[in-house]
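Here the structure is laid out as structure tokens; the discussion comes afterwards.
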Amino acid sequence: RRLEHELRFAIAKQELSLVYQPQARTNSREIVGFEALVRWHHEERGPVPPSVFIPIAEEYGLILQIGEWVLRQACKEAARWERPLSVAVNVSTAQLHSPNFVRITREILMQTGLPPSRLELEITETALIRDPGRALIALRQLKELGVRIAMDDFGTGYSSLTNLLAFPFDKIKIDGSFIKSVHVNRHAATIVRAVLGLGHGLELPVLAEGVETEEELAFLCAESCQEAQGYLLGKPQAIEKYLHVTTDRS
Ligand code: G
Ligand code: G
Ligand code: MN
Ligand code: NA
């Protein structure tokens, strides 16, 4: 059977789940939130990575359904965390451009009781390109709900600087590829410093992705990067590895 066919039934068969990766302050390492990342455990194939099935979902028109499941599940779960930390959810191009996305997000927030201020939506620059006017309207309406918007994978897309001015972002996430190179290639360090300067100038907090070593974290701390995410601070895992969750459903 083809993967595309089986992905259609993954939600109903309860084969999808979420793992969470901590986002922490660089100076204190205090966890301030988690990024939700979807996982598919196929009954026969075992785990199928999102780098494989998300593109398939996008190609075969399944991403709206999967994206909605992810958003609802992340909000439902976060509402039961012992501490009111933020939850970041990835939003695909098709979701952002869907005429129903803002309404669905509002309904999910109401139904799960998650305060909108705890939800952060991660949008890549690539997702803005299809119809920038439509994307801008959606982002403004989402901000009116009280959710925050982060620019994901910053530095890997197109015309980043224009996008920072034209769209109402609340945070910049520097792509992990720049962090990996910081101690290998001095030009990567220059780029990271430039993005941090941009963030400070625009009063946007910056989060560095893919932080794997103490050296990288020390560099980011010294350069006043506020937040970091990466294997050094925690891998994507079941939330119970990081937090107590209440079972009270009242
Ligand atoms: O989770 P990983 O650790 O393997 O993620 C691989 C890629 O899949 C990343 O680019 C990540 O943004 C994407 N991804 C993970 N979870 C989701 C999701 O819920 N929705 C979307 N659209 N992309 C996701
Ligand atoms: O594209 P996005 O940033 O949403 O996806 C995050 C991806 O980065 C996931 O695949 C996640 O597993 C991966 N990731 C998270 N932390 C690290 C890290 O420290 N190093 C590497 N190589 N990948 C990471
Ligand atoms: Mn992301
Ligand atoms: Na990213």
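The values are calculated or read from the model by the stated rules, or taken from the named source; none is laboratory data. Since the model is a prediction, treat every value here as computed from it, not as a measurement. Cβ atoms come from the backbone with ideal geometry, glycine included; neighbour counts cover every protein chain shown.
A few points about this structure:
- Filter result (of a type outside the set (Val, Ile, Thr), surrounded by fewer than 22 Cβ atoms within 10 Å (Cβ to Cβ), without any contact (Cβ under 8 Å) to a residue 60 or more places away in the chain and in a loop (DSSP other than H, G, I, E, B)) within segment 201-237: Glu203, Leu204, Pro205, Gly210, Glu212, Glu223, Ser224, Tyr231, Leu232
- Residues of segment 238-250 that turn out to be outside any helix (DSSP H, G or I) and modelled with pLDDT of 95 or more, as a count: 3
- Filter result for Val87 (farther than 17 Å from Arg140 by Cα, away from ligand 1 (no atom under 11 Å from the Cβ) and under 15 Å from the mean Cα position of the chain (by Cα)): yes
- Of all the criteria given as (1) in contact with a Gly (Cβ under 7 Å, 6 or more places away or on another chain); (2) away from ligand 4 (no atom under 16 Å from the Cβ), the one not satisfied by Glu203 is (1).
- Total residues in segment 205-225 satisfying the condition of being more than 16 Å from ligand 1 (Cβ to nearest atom) and on the phi < 0 side of the Ramachandran plot: the figure is 14.
- All positions within segment 27-49 that are away from ligand 3 (no atom under 16 Å from the Cβ) and without any contact (Cβ under 8 Å) to a residue 60 or more places away in the chain: Ser28, Glu30, Trp40, His41, His42, Glu43, Glu44, Arg45, Gly46, Pro47, Val48
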